[in-house]
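Everything below concerns the one structure shown next.
The values are calculated or read from the model by the stated rules, or taken from the named source; none is laboratory data. Every value quoted in this text rests on a predicted model; they were computed, and no experiment measured them. Positions of Cβ are generated from backbone atoms using ideal geometry, with glycine treated the same way; all protein chains shown enter the neighbour counts. Heavy atoms of the whole protein, side chains included, go into the accessibility calculation; ligands, DNA and RNA do not. Shrake-Rupley method; radii C 1.70, N 1.55, O 1.52, S 1.80 Å.
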Amino acid sequence: MSKPTVTPFAGFDKDSDVQILRKAMKGMGTDEQAILDILCYRTNEQRQEIAKHYKASYGRDLLKDLKSELKGDFEDIILGLMTPAPLFDAQCLKKAMAGAGTNERVLLEIMCARSNKQIQQIKAAYKLAGLGEDLEADLESETGGDLKRLLVGLCAGARDESTEINRDKVEADAQALVEAGEGQLGTDESEFQRILVAKSVPHIRAVLVAYAAAAGKTMVESIKSEMSGDLELAYLNIIEYIKNPHEYFADLLYKSMKGLGTDEDCLTRVMVTRSEVDLGNVAEVFQTKYEQNLVEFIEDDVSGDFKRALIALAS
């Protein structure tokens, strides 16, 4: 069962909330704690109601006021929370493709972990917000080769979403993948895409088990030995997400904070996008796998209002 950490606020009163927010940003100084106490404890749907009521009440744009009053990582996470989920994903994808290089990790993190419906919503938001004419075309222009085909496949938002498992088809696909990886002319990446991008999640989970039995090694081991670079990264992302979504995001959170430096963008993305979905499950896996409490790990790694916002979302 999914365990979100942010749920609809009981006794939600948008009029009271907008008064508190306006007071927090009016005059000299900003009451960041008051902003945090409202926006980190409301769902995205409730935040959208707050934004509309704020404009009706004061003739002001809440996002513009927040941008002018906040700064740094705290500004980023609050604005992320205020953005409808499909648009937030679209903005993250655009940011990953902006500038001289492309951040393939971010593209894969988002594209491999969204349902068909969510992919269609992201594509619509991307165009509507003027981020680009067409997400698929932008992904094509920013990547190449097998990775480009894989991202275009994910962007189609056409993964089989049935829950039934046909054992004969599972065995056939497992054998096809074994043969695709052992060909004399190298790895047949098209077979990997046909199965790992287009087939259903329950089917792929069964294929992974059947593959290990047939090949004598896991799919992850095979991909690491047969592929390299961005394509290896892509298929590892897909497999790790499909195997265990909660562990996938727990790993992302751990990697974003361990060692020297912090990947604040990744930390913000995961906390914003999973808080209303399964962040409670992710935190449980984090505790089990890394033997450390997620909130305590955050406390040791970041500081200030950004830390307080992250802890509010995780609690």
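If the only charges are +1 at each Lys and Arg Cβ and -1 at each Asp and Glu Cβ, what is the size of the charge dipole of the stretch 38-136 around the Cα centre, to the nearest 20 debye?
240 debye
Within straight cross-link reach of K23, meaning Cα distance under 22 Å, which lysines are found once same-chain residues fewer than 8 apart are removed?
Cα-Cα hits under 22 Å: K14, K52, K55, K64, K67, K71.
Going out from 0 in 10 Å bins, what whole percent of all Cα-Cα distances in the stretch 171-315 drops into each bin?
11, 36, 25, 21, 8, 1
Given a 1.4 Å probe and the protein chains all in place, what does the accessible area of T268 round to, in Å² to the nearest 10?
Here the accessible area works out near 10 Å².
Hey, what does the equivalent ellipsoid look like for the stretch 85-203, semi-axes from the Cα gyration tensor as sqrt of 5 times each eigenvalue, largest first, whole Å?
Working from the Cα gyration tensor, I get semi-axes of 29, 18, 9 Å.
Report the residue, chosen from V302, V272, V106, that carries the largest GNM mean-square fluctuation when the chain is represented by alpha-carbon nodes joined by springs under 10 Å.
V302
Starting from the Kirkwood radius over alpha-carbon pairs of the stretch 261-315, derive D by Stokes-Einstein at 25 °C in a medium of 0.890 mPa s and give it in µm² s⁻¹. The partial results should precede the final answer.
On the way: Rh = 11.3 Å.
In µm²/s, the coefficient rounds to 216.
Let me have the relative contact order for the chain, percent, based on Cα pairs under 8 Å that are six or more residues apart. It would help to have the intermediate numbers written out before the result.
Values: 364 pairs, mean separation 65.9, N = 315.
So the answer I get is 21 percent.
With every protein chain left in place and a probe of 1.4 Å, what is the accessible surface of Y41, to the nearest 10 Å²?
Per-residue accessible area (Y41): approximately 100 Å².
Select from A158, A214, A56 the residue whose mean-square fluctuation is largest in a Gaussian network model of the chain (Cα-Cα springs shorter than 10 Å).
Per the Cα network of the chain with a 10 Å cutoff, A56 tops the list.
Given the options K94, K64, K148, which has the most mean-square fluctuation in a GNM of the chain, springs set between C-alpha atoms less than 10 angstrom apart?
So, out of K94, K64, K148, the one fluctuating most is K64.
Round to the nearest 10 and report in Å² the accessible area of T288, as given by a 1.4 Å probe over the protein chains' heavy atoms.
Approximately 110 Å² for this residue.
Before I look further, what does the stretch 9-54 give for accessible area per residue, probe 1.4 Å, in whole square angstrom?
So the stretch 9-54 comes to 51 Å² accessible per residue, rounded to a whole number.
From largest accessible area down, sort R274, R167; use a 1.4 Å probe on the protein chains.
Descending order: R167, R274.
How big is D for the chain, in µm² s⁻¹ as a whole number, if Stokes-Einstein is applied with the Kirkwood radius of its Cα pairs at 4 °C and 1.567 mPa s? Show your work: numbers first, answer last.
On the way: Rh = 21.2 Å.
It diffuses with D of about 61 µm²/s by this estimate.
Which value in deg cm²/dmol, rounded to the nearest 500, describes the helix-derived mean residue ellipticity at 222 nm for the chain, given -39,500 (n - 2.57) per DSSP H run of n ≥ 4 and division by the residue count?
So the helix-based figure for the chain works out to -21500 deg cm²/dmol.
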